[in-house]
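Worksheet: one structure, shown below.
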Amino acid sequence: MSAAPEEVVWNLLRGPLTARVLGIVAELDVAGRLAAGPRPVAEVAAETGADPDALHRFLRALASDGVFAEEEPGVFRNTPASELLLSRGWNAFGQLFGDVFYRGVGELDASGEASFPQVLGTDFWSWLAEHPRERALFDLAMEQGKEQRVDRFAPVEWRGDETVVDVGGGNGSLLAALLDRRPGLRGIVFDLPETVRDEAALGERIEFVAGDFFERVPEGDVYVLSTILHDWDDEHATRILQTIRAAAKPESRLLVIDSVVPPGNEPGGGKWLDILMLALARGKERDERQWRELLAAGGFGSIVFHEAVIEARCR
């Protein structure tokens, strides 16, 4: 049965509340404190320094949507949804959405300009560079779902001995997972020097190279852009692609992991993520036509839309 119109609108209106409350309980690591089983909310509040009444109200509200469950009055346990917060990536996402993203969208309007600089005083990327805690959370969040993202490469054919450059590759978790599955590959993680990473954990087959993808990227056989281009408007995204094209060999390939916005009224998380990208940095999610135009402008052709990855070759 479809939801009543009033319920549809109410669920949208309460969105800021759900994001903020979920962010608070993620920061307090409530899911971790319930990992061993149900506990009185008063005990969890005492451990975290939270007000017990406020925390009870937060958990009761979340439980009404299936995140946590109240076993008996004042005693809560985890559910499959709240257990997602036990993973570092989902917990980091919860904190980001409930704090810096929440603040960043607060002044969003219909001007087409990013609201984040208006609220925080500088652009998103400069702000992250100045805030190590949030930068670390961001890198952890980008690690979330790396196994599923590696699965997206399944339709791609590999020669077996390529050097893969993960442009904007963060802490290297995606590239490490790919190389675990394909022992013949070697890799380069290319990202800003402030990226939080453990270079020793990358192993002998992966090198971290610091730099700015608007200026240069290392030479490679295959370039990966995983949820990078949606951070930028068409002008900046084209510059990133042109930088890659300038460094690439004639036979190099490009693999893009990003949303392809479905047409019409078809549901898609990318349609809401698109609004976040606008608010943070005037980025955007793109439909198939927009992807083709962007890749062509960046110097790439022979574009193939696999089920979950876009593959293109140098023109």
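Quick note: the coordinates plus some simple rules give every number you see, no bench work behind them. Remember, it's a predicted structure, so these values are computed and weren't measured experimentally. A quick note on method: Cβ atoms are made from the backbone with ideal geometry, for glycine too, and the neighbour counts reach across all protein chains shown.
Quick look at the numbers
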{"quantity": "Flag if residue 153 is crowded, with 19+ Cβ neighbours inside 10 Å, assigned to a helix (DSSP H, G or I) and of a type in the set (Phe, Trp, Tyr)", "calculated": "no"}
{"quantity": "Out of 50, 36, sole residue that is under 30 Å from residue 148 (Cα atoms) and part of a loop (DSSP other than H, G, I, E, B)", "calculated": "36"}
{"quantity": "Subset of the stretch 264-285 (residues that are free of Cβ contacts under 8 Å to residues at least 60 places away in the same chain, among the basic types (Lys, Arg) and touching a Gly at 6+ places or on another chain (Cβ under 9 Å))", "calculated": "none"}
{"quantity": "Answer residue from the stretch 298-315, given it is outside any loop (DSSP other than H, G, I, E, B) and in contact with a helix residue (DSSP H, G or I) (Cβ under 7 Å, 6 or more places away or on another chain) and is surrounded by the fewest Cβ atoms within 10 Å (Cβ to Cβ) among those", "calculated": "305"}
{"quantity": "The one condition in (1) of a type outside the set (Ser, Thr, Tyr); (2) closer than 15 Å to residue 223 by Cβ; (3) assigned to a helix (DSSP H, G or I); (4) more than 21 Å from the chain's Cα centre (by Cα) that residue 159 fails to fulfil", "calculated": "(3)"}
{"quantity": "Meets criteria (on the phi < 0 side of the Ramachandran plot and free of Cβ contacts under 8 Å to residues at least 40 places away in the same chain) for residue 261", "calculated": "yes"}
{"quantity": "Subset of the stretch 68-100 that is out of contact with any strand residue (DSSP E or B) (no Cβ under 9 Å at 6 or more places or on another chain) and part of a loop (DSSP other than H, G, I, E, B) - its residue that is surrounded by the most Cβ atoms within 10 Å (Cβ to Cβ)", "calculated": "99"}
